[in-house]
Amino acid sequence: MALKKRLFTDNTLEEFMYPLQEESWDKVLLSDGVNISFKAFMNIFMNYFNAEFLIKTSYVKKDHYRVNSIKK
């Protein structure tokens with residue numbers, strides 16, 4: 001079974017915040033309309049987010065993974 005996660009540390013948070021602070025944000029602030037501004041913001045934000053917080057995949061043997069059933 002594959003488990004996917006992102007690693008958030010003080011260091012990765014600082015590395016993430018720096019380019020956000022350096023971004024001009026003109027595409028967001030000068031856009032016509034809320035939806036266009038939001039899409040521009042999300043594109044910029046997610047670009048830096050995905051670059052800094054990479055997805056790490058771990059593999060767990062199936063016999064070590066236990067799912068508890070819920071009784072009604």
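Just so it is clear, none of the values below were taken in a lab; they were calculated from the coordinates. This one's a predicted model, so the numbers in the text were calculated from it and none came from an experiment. A quick note on method: Cβ atoms are made from the backbone with ideal geometry, for glycine too, and the neighbour counts reach across all protein chains shown.
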Summing +1 per Lys or Arg and -1 per Asp or Glu among the other residues with Cβ less than 14 Å from ALA40's Cβ gives -1
Footprinting proxy, ILE36, ILE55: sorted fewest to most Cβ within 10 Å, the residues are ILE55, ILE36
Of every Cα-Cα pair in the chain, the percentage lying beyond 15 Å is 68
If LEU3, LEU20 are placed from fewest to most neighbouring beta carbons inside 10 Å, the sequence is LEU3, LEU20
Residue by residue through segment 33-46, the couplings from Karplus 6.51 cos²θ - 1.76 cosθ + 1.60 with θ = phi - 60°, in Hz, x for Gly and Pro, are x, 5, 5, 5, 4, 5, 4, 5, 4, 4, 4, 5, 4, 5
Counted neighbours (other Cβ, 10 Å), sorted fewest up, put GLU15, GLU22, GLU52 in the order GLU22, GLU15, GLU52
In nanometres, the difference between 0.36 nm per residue of separation and the alpha-carbon distance of LEU30 and ASP10 is 4.0 nm
So, relative contact order of segment 2-64 in percent, Cα under 8 Å, 6 or more apart, is 59
With Cα coordinates, the longest principal axis of the chain makes an angle with the long axis of helix 10-22, in degrees rounded to 10, of 20
Once LEU3 and PHE38 are pulled to full extension, the length gained, defined as 0.36 nm per residue separation minus their Cα-Cα distance, is 9.5 nm
